[in-house]
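Values quoted throughout were computed directly from the atomic coordinates according to the rules given, and no laboratory measurement underlies them. Quick caveat: nothing in here was measured; it's all calculated off a predicted structure. For neighbour counting, all protein chains shown are included, and Cβ atoms are generated from backbone atoms with ideal geometry for every residue, glycine included.
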Amino acid sequence: MLSGLRDLLAGLIGPFPATFLLGATVILGYLSLNVLFLVWLERKVSARIQRRLGPMEVGPQGLLQTAADMVKLLGKQLLTPVAADRFVYLAAPVLVFVPTICVASLIPLSGAEAFADVPYGLLVVSALTGFTVLAIFMAGWSSNNKYAVLGGMRSVAQVVAYEIPVLLSVLSVVLISQTMNLRHIVEAQQNTVWYVVLQPVAAVLYVIGITAETNRAPFDIPEAESELIGGFHTEYSGMRFAMFMFAEYTNMLVLGALGATLFLGGWLGPWLPGPVWLLLKAYAIVFLMMWTRWTYPRLRFDQLMRLAWEFLIPVALLNLVVTAVAVFVLG
Amino acid sequence: MTTPAPRPSERHRPAAAGREPAASAAPGPDGEPEPSDTYTLNMGPQHPSTHGVLRLKLTMRGEMIVGVDPVIGYGHRGHEKMAENRTYAQFLPNTSRQDYLSGMIYNFAWVEAVEKLAGIEAPPRAQVARVILSEFNRVSSHLVWIGAFLLDLGAWTPSLYTFDAREAILFLLESVTGSRLTYCTGRFGGLSRDLDPDFPRRARAVIAKLRTHCPDFESLIEENVIFRRRCQGVGVMSGELCLRYGVTGPNLRASGVPYDVRKVEPYGAYPKFDFEVPVRAEGDNFARYWVRVREMRQSLHIIEQALDALPDGPVLAEKGLGSKKRLRPPVGTLYYAVESARGAFGILLVSEGDAKPYRAKFRVPSYPALAALREVIPGTMVSDAVAILGSIDIIVPEIDR
């Protein structure tokens, strides 16, 4: 359907503008809806876990609650601290959103549909996901608030530490599939099995890593409410704060979709169209992250670092070596 | 009325706030020179984890805390001065507003102290009923603490579960006293109203419900790896440190000192009941958690015995004992201590034979616990400071009074 629409548009305005326009509309539109849905889902999941009902008032089962909250946030006064570094402070909430959207456009929706089918897609994705932390650190630094700086510093240290196991686990997938093209990785899974079967350790490492990268409990130390109030976004109000929320939930979905692509066979599945399968698998991973958040206490900063450097990275390296040997021996 | 000029320390200092440490030897918050590699982090009085209006001035080096200075008094209402200006009975509602989580115990402590000074004897039924209500209050206080402590550690869900369990207790106490938090059911010579005939049955139902919850706290929380790592060996208070500062209650018992006012200086109907005092030697956050969860079981055990032994008879010795005309305790000084949910709560009462006390001084258990933090928190990280502050279970309004 999408490719048909693209061809139609391409006839009118040329192939590149058509892809860009369509991609921007679909991705931005869907991601915005997704945030509304995910915030609602998070509140409902937490409510179930905590034996509550969650939002029930606005819309059926409270589905429109997030929309109402957005309206409220829109109406709020935007405060900029007097001593803030104004340009950086204003740029951060915008920048935090950019890499996530770029990654979203790289993920193949089905065998024929990807907004950007890049030969080294996985490399681009890895480069872009590390970029989010820059915006977070900008926010923390420019706010000129000690809690925000602490949050920003924690965030940098955390993302640097957790990128490594994620990248190593992704590398073992590359070793098996012999390609860095995301579409080819899924097609390779079509011929064999889902890589979660071949690479269970890498899959677990990946989920742990993205939980840390999206700053979610038990790795939510950059914004630990009970310690740092709001962490890096302490000084942001109204829609600017909403942008960070927006980015966090979008990031969850996009990294979940990437996980689905790498380990759960992406768009593969019977009966339903490809994009639906991809989203179902992505939301399953997101649900797992929500479940964890509402179950576990938070780690301490140094414990978090120790977990990454002393446990996750050695395990990921070992997994990579074993995979490499297995690939070499078995051909 | 003129607004006083801000002190130098409170003036807005944009350049120094978080960007870089203050220039070397620049005056710190209190005028002393601040070493250049440290900075001051102001935690509170409005901060999610300071449990009310407490302010901690943290001197930090990176994420490490090198010094802590608690600032109190934001919630000062002058309870002790109020006591001098009202009759003994008029002060009753003030009692439960100091420690709002063990208001029942404080209320009864005041009543019992005045009874002792004035030579009033409460009937046996009232005495046993006081034990029942106090112990329920203790359990509900500990439940709030478990929830709040886990919240400080970043776990949201347990607080909902503990509040659910606590709700059962609040309903029960509401049916007896008419209030849910700031109880005022003690009267000089007994209680304001009797326990209804159905009370023992409902109380036993609540106990059964709580007993099903205790294993959850023991297995789901204590055996969680993250919880143990955040708690074991963190915030160690030695028994010697506790005694030096006068820390009492579960905090002291978690440091290996088996001191419980209910055992050491039994009061009211407590000598009649059999219970153990849980003690643990480590003195860390985990020990404090362990002791409190075990104490809840012991409290339930006491309540069950008390329900079995609840005598018949009146709950008030005589009507109007607390009236302004009749309640004029003889000249004298009295110190009366009870074991609140947080430790030894003492009342020093001086009477000049008047309808109002000459002086009432309260010894609250949270104060020494907070003071001891000056020696416990330095050398830990911000996350630990929050956890330790949560673990000692302070109630700021009783510190400020």
| What does the average come to when, for each residue of peptide B:375-383, you count the partner chain Cβ atoms lying within 10 Å of its Cβ? | 3
| query | Across the Cα atoms of chain A, what radius of gyration and what greatest pairwise Cα-Cα distance (Dmax) are found, in Å? | reply | 20.2, 63
| Partner aspartates and glutamates for B:Lys361 [C-alpha distance under 14 Å; skip if fewer than 8 residues away on the same chain] | B:Glu80, B:Glu84, B:Glu398, B:Asp400
| said: Quick check: net charge around B:Met82, other residues with Cβ under 11 Å of its Cβ, Lys/Arg +1 and Asp/Glu -1? | reply: +4
| Put +1 on the Cβ of every Lys and Arg and -1 on every Asp and Glu Cβ in chain A; which of A:Tyr195, A:Thr250, A:Val173 then has its Cα farthest towards the positive end of the dipole? | A:Thr250
| query | Hey, any idea what Rg/Rh is for segment B:92-136, computing Rh the Kirkwood way over Cα pairs? | reply | 0.98
| task | Along each of the three principal axes of the Cα atoms of segment A:188-254, give the extent in whole Å, ordering the values from largest to smallest. | result | 50, 24, 10
| Relative contact order for chain A, counting Cα pairs under 8 Å that sit 6 or more residues apart, in percent | 21 percent
| said: Just to verify a number: FRET efficiency for B:Asp216 and A:Ala284, C-beta to C-beta distance, R0 = 35 Å, to 0.05? | reply: 0.80
| request: Work out the mean other chain Cβ neighbour count within 10 Å for the residues of A:101-110 and drop it here as an integer. | output: 0
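Can you give the mean number of other chain Cβ atoms that lie within 10 Å of the Cβ atoms in peptide A:288-298?
Mean partner shielding for this stretch: 5.
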| note | Taking A:Glu57, B:Glu304, A:Glu248 and counting other beta carbon atoms within 10 angstrom, the fewest-first order is A:Glu57, B:Glu304, A:Glu248
| query | What residue among B:Thr95, B:Thr380, B:Thr157 shows peak mean-square fluctuation when chain B is described by a Gaussian network model with Cα springs under 10 Å? | reply | B:Thr157
| At what distance in nm do the modelled label points of A:Thr292 and B:Ser192 sit from each other, each positioned 7 Å from its Cα along Cα→Cβ? | 5.1 nm
| remark: Taking Cα atoms only, helix B:103-118 is inclined relative to the longest principal axis of chain B by an angle, in degrees rounded to 10, of 60 degrees
| message | With 10 angstrom as the radius, rank A:Leu53, B:Leu316, B:Leu101 by how many other C-beta atoms surround their C-beta, starting from the fewest. | response | A:Leu53, B:Leu316, B:Leu101
| remark: For chain B, longest principal axis from Cα atoms; helix B:124-152 axis from its Cα atoms; angle between them, nearest 10 degrees, is 20 degrees
| field | Residues B:Val264 and B:Glu240, FRET efficiency given R0 of 22 Å [Cβ-Cβ distance, rounded to 0.05] | value | 0.75
| Candidate lysines for bridging to B:Lys319, where Cα separation is under 19 Å - those fewer than 8 sequence places away on the same chain excluded | B:Lys116
| query | By average Cβ neighbour count within 10 Å, what is the ranking of A:18-28, A:128-138 from highest down? | reply | A:128-138, A:18-28
| request: Rank these for me by crowding, A:Lys281, A:Lys44, going from fewest to most other beta carbons within 10 Å. | output: A:Lys44, A:Lys281
| note | Projected area averaged over all directions for the convex hull of the alpha carbon atoms of the protein assembly as shown, nm², comes out at 39.0 nm²
| To the nearest Å, what is the center-to-center distance of segment A:1-74 and segment B:279-350, using C-alpha atoms only? | 57 Å
| For segment B:54-176, what is the largest minus smallest coordinate of the Cα atoms on each principal axis, given in angstrom and ordered from greatest to least? | 59, 36, 18
| query | With the contact rule set at Cα under 8 Å and sequence spacing of 6 or more, what percent relative contact order holds for segment A:164-294? | reply | 27 percent
| task | Can you pull the one-decimal nm distance between simple spin-label points at A:Asp7 and B:Asp274, each 7 Å off the Cα toward Cβ? | result | 8.8 nm
| said: Just to be sure I understand the rule: take each whole DSSP H helix in chain A, project its Cα atoms onto its long axis, keep it if the span is 30 Å or more and its mean Kyte-Doolittle hydropathy is at least -1.0. Which ones pass? | reply: A:15-49, A:146-177, A:238-263
| Local net charge near B:Glu218, Cβ-Cβ under 12 Å (Lys/Arg +1, Asp/Glu -1) | +1
| field | √(5λ) per eigenvalue of the Cα gyration tensor, segment B:252-397, largest first, Å | value | 34, 23, 12
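If I take R0 = 60 Å and measure r between the Cβ atoms of A:Val197 and B:Ala205 in this structure, what FRET efficiency does the formula 1/(1 + (r/R0)^6) give, to the nearest 0.05?
Calculated value: 0.75.
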| query | In degrees between 0 and 90, to the nearest 10, how far off the longest principal axis of chain B does helix B:285-308 point, with axes built from Cα atoms? | reply | 10 degrees
| query | Given the rule -39500 (n - 2.57) for each run of at least 4 DSSP H residues, summed and divided by the residues of the protein assembly as shown, what is its mean residue ellipticity at 222 nm, to the nearest 500 deg cm²/dmol? | reply | -17000 deg cm²/dmol
| field | Alpha carbon convex hull of chain B, projected area averaged over orientations, nm² | value | 21.7 nm²
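Give me the orientation-averaged projected area of the Cα convex hull of segment A:1-75, in nm², one decimal.
Working: hull surface 28.7 nm².
Mean projected area of the Cα convex hull: 7.2 nm².
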